[in-house]
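See structure below.
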Amino acid sequence: MSPLAVFFFFFFNLSLASNTIYNVQNYGAKSNGKTDSSKAFLSAWGSACASTSASTIYVPRGIYLIRKAYFNGQTCKRNAITIRIDGTLLAPSDYNVIGNDGNWITFENVNRVSIYGGIFDGQGASLWTCKNSKNTCPEGTTALAFYNSNNIVMNGVTVQNSQMFHILVDGCNNAKLQGVKVLASGNSPNTDGIHVQSSSGVSIMNSNIGTGDDCISIGPGNSNLWIEGIACGPGHGISIGSLGWASKEQGVQNVTVKTVTFTGTQNGVRVKTWARPSSGFVRHVLFQHIVMSNVQNPIIIDQNYCPNHESCPHQGSGVKISDVTYQDIHGTSATEVAVKLNCSKTNPCSGITLDNVNLSYKNGRAEASCVNAAGRASGFKELTSCL
């Protein structure tokens, strides 16, 4: 054996020896989909958290009922914990069990936690039915939430049928979500695929998302977000907002959304703010290399956002939108007005760029509507410019 081969053999085995594996079944987890395995998962986390070596929590094939789980990393002796899931984690089928708990599975104050594979099934369909019937129902829970955490990795994870948001990233730095699948019915209310707020350095790449709400929603206080290689549909598109409900609110800046396909969605790329005073802002945003297929509102800025048109503020939005570029966006609109820039009457949009936007409607030319928006347009083929 060559010296180089000896080195790699030694290094590989040393890596295995220094990585302790905690199998949830050894802590009492049952893969029958009926026995609550929450305590077993938390016990495995406790052991990994107390370890001074790199740790892996392993979830074998099978279905594991989890009533609720909260993983706190504040006291962990070593930061790096890997969670490898070959099975399915299942929420309670009765939505009343966790319907008012906020979150189903929560990670907080963790650093360098990586989740590979697995299915998180929120079993939210019965709650959707309750809400769509206008009955009195719980608000619902988010399936998988990360709070105040750093250097997070999610790879090859599927989150489906959540009662509300599927994935939440809140107050985090350097989170990488790749190869994620989010699956929910197109009529499932408030089931955003991935919601990010108060975070920096988040990337979402090469993922497929279909929900009854925004595929990806970007809340206040975000910076340096990179979204690329997304297939969105059904759903309400990729949205910055809603913003501006609070009078003092952090802004959103340095966002890139590129190489995205929207299929049959309500919106494509959207910025939405409430029409009321606010210190918030949106700036330095790039939407690039995007394909629209039968999208109702391919490009939209709505600074008079008011869902259901109930108790609308009817004031000028204080959120300042500037330096937003739409580049190389083409495909088909399901409505005649494919570009709707409805900006604030008290704080008009500035620095809006429409470059090589080519959208059609019923094999003809799509239209654009701009209110209180300033910028430039170039490279149009079928779309009438309004800037």
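Could you work out the Kirkwood radius for segment 80-168, taking every pair of different alpha carbons, averaging 1/r and inverting it, reported in Å?
13.6 Å
Label sites at Asn96 and Asn363, each approximated as a point 7 angstrom past Cα along Cα to Cβ, lie 5.6 nm apart. Computed 3J(HN,Hα) for segment 332-339, one whole-Hz value per residue from the Karplus formula 6.51 cos²θ - 1.76 cosθ + 1.60 where θ = phi - 60°, is 10, 9, 7, 10, 5, 8, 8, 10, glycine and proline marked x. Only helices enter this figure: runs of n ≥ 4 DSSP H residues, each worth -39500 (n - 2.57), summed and divided by the residues of the chain, yield -3000 deg cm²/dmol at 222 nm to the nearest 500. Evaluated over segment 56-213, the count of Lys pairs having alpha-carbon atoms less than 30 Å apart is 8 (only pairs 8 or more residues apart or interchain).
Of the solvent-accessible surface of the chain, computed with a 1.4 Å probe over protein heavy atoms with every protein chain present, carbon and sulfur atoms account for 48 percent.
Using only alpha carbons, build the gyration tensor for segment 252-387 and give me the equivalent ellipsoid semi-axes, biggest first, whole Å. Could the numbers behind the result be given before it?
Working: eigenvalues 112, 53, 37 Å².
After diagonalising the Cα gyration tensor, the semi-axes are 24, 16, 14 Å.
Only the Cβ atoms of Lys and Arg (+1) and of Asp and Glu (-1) were treated as charged; on that basis the dipole of segment 239-387 about its Cα centre amounts to roughly 180 debye. Against the set [x] 22.1, 72; [y] 22.4, 82; [z] 22.6, 77, the structure's computed Rg and Dmax of the Cα atoms in Å falls on [z].
In percent, rounded to a whole number, the relative contact order of the chain is 8, using alpha-carbon pairs under 8 Å and six or more apart.
Think of segment 164-253 as a dipole: +1 on every Lys or Arg Cβ, -1 on every Asp or Glu Cβ, centred on the Cα centre; then among Asn173, Ser242, Gly212, Asn173 lies furthest on the positive end.
Taking all Cα-Cα distances within segment 158-234, those exceeding 19 Å account for 29%. A 1.4 Å probe, protein heavy atoms only, puts the accessible area of Glu310 near 130 Å².
Here the ratio of the Cα radius of gyration of segment 209-332 to 2.2 N^0.38 Å is 1.01.
Hey, what's the Cα Rg ratio for segment 330-373 versus the globular rule of thumb, 2.2 N^0.38 Å?
1.28
Note on Arg376/Ser185: beta-carbon distance plugged into 1/(1 + (r/R0)^6) with R0 of 45 Å gives a FRET efficiency of 0.65. Accessible surface computed residue by residue for the chain, with neighbouring protein chains in place and a 1.4 Å probe, gives 42 Å² per residue.
Considering only alpha-carbon pairs that sit under 8 angstrom and 6 or more positions apart, the relative contact order computed for segment 314-387 is 34 percent. At the residue level, His284 shows approximately 90 square angstrom of accessible surface with a 1.4 angstrom probe and all protein chains present. Under a 5 Å amide H cut-off, with hydrogens placed 1.01 Å from N, Ile115 pairs with Ile83, Val153, Met154, Asn155 among residues at least 5 apart or on other chains.
Give, rounded to the nearest 20 debye, the magnitude of the charge dipole that the chain has about its Cα centre when Lys and Arg contribute +1 at Cβ and Asp and Glu contribute -1 at Cβ. All intermediate terms of the calculation are to be shown ahead of the outcome.
Values: 27 positive and 21 negative charges, 83 e Å.
The dipole of the chain has a size of about 400 debye.
At an R0 of 51 angstrom, the distance between the Cβ atoms of Trp226 and Asp36 translates into a FRET efficiency of 0.85.
When the surface is traced with a 1.4 Å probe over the full set of protein chains, His314 keeps roughly 150 Å² accessible. Candidate cross-link partners of Lys320 among the aspartates and glutamates, defined by an alpha-carbon separation under 17 Å and a same-chain spacing of 8 or more, comprise Glu249, Asp302.
The values are calculated or read from the model by the stated rules, or taken from the named source; none is laboratory data. Keep in mind it's a predicted model, so treat the numbers as computed, not measured. As a convention, Cβ positions derive from the backbone with ideal geometry for all residues, glycine included, and neighbour counts pool all protein chains shown. To get the accessible areas, we keep the full protein, side chains included, count just its heavy atoms, and leave off ligands, DNA and RNA. Shrake-Rupley method; radii C 1.70, N 1.55, O 1.52, S 1.80 Å.
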